[in-house]
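J.: Sending over a structure as structure tokens; questions will come in a sec.
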Amino acid sequence: MRLLAVDTALGACSCAIMQDERILAHRFEIMARGHAERLAPMVDEAMRETGLAFGDLQRLAVTTGPGTFTGQRVGLAFMRGLRVALKIPLTGITTLEAMATAAIAENNIAYGAALHDAKRNEVYFEVLHEDQTLIPSTIATFEDAMIAISDATQNAKLAFAGTAAEAGAMKYPGEAVVSGVHQPDALWVARIARTREASSEAPKPLYLRPPDAKLPVQKQ
């Protein structure tokens, strides 16, 4: 199966093209903004490297969030457009699952937690045991997140990923490892998506916090 995956949801922009288990092309760039301008050229560069045409692709994958409001929509809009044009399935993967999965593999540890700064003394977090989700993507204060993570893992050895990984490892009661994974990477989005059943539905953005901007209320 030939699969293209992208991520623009948080502080990086990346894409990966895989054929079965083989990586054909991979791009990853840290960036706080500019995802909309960089994504299409990045995908084009990767496709040229593989020698494939877009019509040769069989599956697509994209991060759904949590992430920045604009970043989430950039990747989803781009990939939903490709889904319609190519008439192939598009799989959505959370940013946190991608990071936690990468941390587990990087450190060869059964438990992984993605802990990412969401500002306002809150964090996004998700906890995995190998490929099983113990806590799905959610948002909480840092203190409440750490209690939930400790309860879910029973303080087993744990690999932390995300921008709040170091703080999480310091607070965790059990043995903790800080991974080098600070942002989601499309390579892991692709690897996870390969294991999922294809869906006829297009993925939707995952918002864990309501948007700050609100439409004005019209007076009657």
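J.: Could you give the nm distance between label points at E143 and Q58, where each point is 7 Å from its Cα heading toward the beta carbon?
T.: With each label point 7 Å from Cα toward Cβ, the separation is 5.2 nm.
J.: I'd like the Karplus ³J(HN,Hα) series for the stretch 165-174: coefficients 6.51, -1.76, 1.60, θ = phi - 60°, whole numbers in Hz, and an x wherever there's a Gly or Pro.
T.: Coupling constants for the stretch 165-174: 4, 5, 5, x, 5, 5, 8, 5, x, x Hz.
J.: Can you list, largest first and rounded to whole Å, the semi-axes you get for the stretch 46-160 by taking the square root of 5 times each eigenvalue of its Cα gyration tensor?
T.: Output for the stretch 46-160: semi-axes of 32, 17, 11 Å.
J.: If I stretch the segment between E130 and R33 completely, what's the gain in nm (0.36 nm per residue apart, minus their alpha carbon distance), one decimal?
T.: 31.7 nm
J.: Further question on the same structure: Please sort by residue number the GluC sites (Glu not before Pro) in the stretch 20-102 whose DSSP state is loop and whose Cβ has at most 15 other Cβ atoms within 10 Å.
T.: Counting only loop positions with at most 15 other Cβ atoms within 10 Å, the GluC sites (Glu not before Pro) in the stretch 20-102 are E21.
J.: With charges set only on the Cβ (+1 for Lys and Arg, -1 for Asp and Glu), what does the dipole of the chain come to about its Cα centre, in debye to the nearest 20?
T.: Dipole magnitude for the chain comes out near 860 debye.
J.: Starting from the Kirkwood radius over alpha-carbon pairs of the stretch 95-178, derive D by Stokes-Einstein at 4 °C in a medium of 1.567 mPa s and give it in µm² s⁻¹.
T.: Rounded to a whole number, D works out at 109 µm²/s.
J.: Fully extended, how many nm does the chain gain between T70 and R209 (0.36 nm per residue separation, minus their Cα-Cα distance)?
T.: Length gained between T70 and R209: 48.7 nm.
J.: Amide H neighbours of M31 under 5 Å, counting only residues 5+ apart in sequence or on other chains, H built in-plane at 1.01 Å?
T.: The list, which skips near neighbours in sequence, is A12, C13.
J.: Rounded to whole Hz and in sequence order, give me ³J(HN,Hα) for the stretch 66-75 from the Karplus expression 6.51 cos²θ - 1.76 cosθ + 1.60, θ = phi - 60°, writing x for Gly and Pro.
T.: Result, ordered by residue: x, x, 6, 4, 6, x, 4, 6, 4, x Hz.
J.: Still on this structure, I have one more. Name the residues whose placed amide hydrogens come within less than 5 Å of the amide hydrogen of S137, ignoring near sequence neighbours (fewer than 5 apart) on the same chain.
T.: Answer set, sorted by chain and number: none.
J.: So, in Å, what gap is there between the alpha-carbon centers of the stretch 58-73 and the stretch 128-189?
T.: 21 Å
J.: Please work out the FRET efficiency for the pair R2 and R120, using the Cβ-Cβ distance as r and a Förster radius of 45 Å; give the result to the nearest 0.05.
T.: My answer for the efficiency is 0.60.
J.: Kindly give Rg over Rh for the chain, based on alpha-carbon atoms, with the Kirkwood expression for the hydrodynamic radius.
T.: Taking Rg over the Kirkwood Rh, I get 1.00.
J.: How large is ³J(HN,Hα) for each residue in the stretch 87-94, as worked out from phi by the Karplus curve 6.51 cos²θ - 1.76 cosθ + 1.60 (θ = phi - 60°), to whole Hz, x for Gly and Pro?
T.: 6, 10, x, 10, 9, x, 10, 6
Rule-based calculations on the coordinates, nothing more; no lab input. On a predicted model such as this, the values are computed, not experimentally measured, just so you know. In this analysis, Cβ positions are derived from the backbone assuming ideal geometry, glycine residues included, and neighbour counts consider all displayed protein chains.
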